[in-house]
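Here is the structure we will look at.
Nothing in this text is a laboratory measurement; each read-out follows from the coordinates by a stated rule. Small disclaimer: the values here were computed from a predicted structure and weren't measured. Neighbour counts are summed over all protein chains in view; Cβ atoms, including those assigned to glycine, are modelled from backbone coordinates with ideal geometry.
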Amino acid sequence: MSFRIRRFVIHGRESALRAFCDVAIEDRLLVKGIRVVEGRHGPFVSMPRQRTTRGTWYDSIVPLTRQAREELHRVVLEAYRQALASGQSPDSTANSEVSDG
């Protein structure tokens, strides 16, 4: 399975949100709104989610295998590291070339 970053936006440092991106899967499906969030142990990937009428959240996109989840997270975090290393300014959009295949 191939993942390719289509759009990557670095967010400012005023919240735990560090970046968000859109990822093409197999160049057939576009997942919008994947986030990079700063946690206690470093950045992690957070999938798009929706809020229920009771106020709880659930992921609206869920990788079905561990391998798919790990590869998607690897590609997104690599794009984040590349954006930081290139000096991409907050709230600017970049098209990343990070891909898994």
For this session: Considering only Leu64, Leu72, Leu30, give the residue with the highest GNM mean-square fluctuation for the chain, with springs between Cα atoms whenever their separation is below 10 Å.
Result: Leu64
Problem set entry | the chain, relative contact order [Cα under 8 Å, separation at least 6], % | 35
Problem set entry | Scaled radius of gyration (Cα, divided by 2.2 N^0.38 Å) that the chain gives | 1.06
Problem set entry | Virtual spin-label span in nm between Lys32 and Arg13, 7 Å along Cα→Cβ | 3.0
